[in-house]
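Structure first, then comments.
The values are calculated or read from the model by the stated rules, or taken from the named source; none is laboratory data. Source: prediction; values computed, not measured. All Cβ positions, even for glycine, are placed from backbone atoms using ideal geometry, and neighbour counts span all protein chains on display. Surface areas here come from the heavy atoms of the whole protein model, side chains and all, with no ligands, DNA or RNA. Shrake-Rupley method; radii C 1.70, N 1.55, O 1.52, S 1.80 Å.
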Amino acid sequence: MKIEDGFTVRAPRERVWAFLTDPARMAPCIPGCREIQIVGPKAYRARVRVALGPIKAEFNLEIEVEEEVPPRLARSVTRGEEGTRASTLLAKSVLELEEIGSAATAVRYSSDIAVMGRFGKFGLGVMKKKAEALGAEFAAAVSERIEAGA
């Protein structure tokens, strides 16, 4: 499943980059994020709770940033599984920041996501709709915090 979207933040690109690459500041913006740990210079572990229809699960995720070109590009791979291993996921993501003048930044992201197991049994349309809703929630939280000077 491919997810692509974007949003605009009323802040300079360097400030947006600093926020998005700081796990402690970004974690509260990730829907369902319960915990995030730095395990290496470009490696993180996170616990994220997700609900899809009547099914609720908590995923243990490992995130590795494979490439960074500050302040404009980051590529990462996320691997994870539900605590019971009933579902697994693999996501390859790209984050791009583009200046819009001196006071705004266009944030674009895309992810190729594979979900197997009980969550993978949901149709593509249901999964994509949920991913888009989570993306919109994330974008609103990030924009609000950065623009408020967090």
THR88 being part of a strand (DSSP E or B), free of Cβ contacts under 8 Å to residues at least 40 places away in the same chain, surrounded by 15 or more Cβ atoms within 10 Å (Cβ to Cβ) and hydroxyl-bearing (Ser, Thr, Tyr): yes
What residue, of GLU99, GLU81, GLU64, GLU68, is part of a strand (DSSP E or B) and in contact with a helix residue (DSSP H, G or I) (Cβ under 6 Å, 6 or more places away or on another chain)? GLU99
Do we find a residue being farther than 17 Å from ALA140 by Cα and open to solvent by less than 30 Å² (accessible area, probe 1.4 Å) anywhere in the range 28-42? yes
Those residues of the range 4-38 which are in a strand (DSSP E or B) and under 16 Å from PHE59 (Cβ atoms), in sequence order: CYS33, ARG34, GLU35, ILE36, GLN37
Scan GLU99, GLU147, GLU132 and give me the residue that is open to solvent by 50 Å² or more (accessible area, probe 1.4 Å), over 18 Å from the mean Cα position of the chain (by Cα) and either within 20 Å of CYS29 (Cβ to Cβ) or among the basic types (Lys, Arg) (or both). GLU147
For ARG10, the lone unmet condition from (1) modelled with pLDDT of 95 or more; (2) touching a strand residue (DSSP E or B) at 6+ places or on another chain (Cβ under 7 Å); (3) open to solvent by less than 80 Å² (accessible area, probe 1.4 Å) is (3)
Among the candidates GLU82, GLU67, GLU58, residue that is over 15 Å from the mean Cα position of the chain (by Cα), farther than 23 Å from ALA136 by Cβ, open to solvent by less than 80 Å² (accessible area, probe 1.4 Å) and at pLDDT below 95: GLU82
Hey, ARG10 under 14 Å from the mean Cα position of the chain (by Cα) and not aliphatic (A, V, I, L, M) or not: no
Hey, could you check the range 102-129 for residues that are charged (D, E, K, R) and assigned to a strand (DSSP E or B) and say which is least open to solvent (accessible area, probe 1.4 Å)? ASP112
Search the range 66-84 for residues that are touching a residue at least 40 places away in the same chain (Cβ under 8 Å) and pair each with any residue that is of a type in the set (Ser, Thr, Tyr) when their beta-carbon atoms are under 6 Å apart and the residues are at least 6 apart or on different chains. none
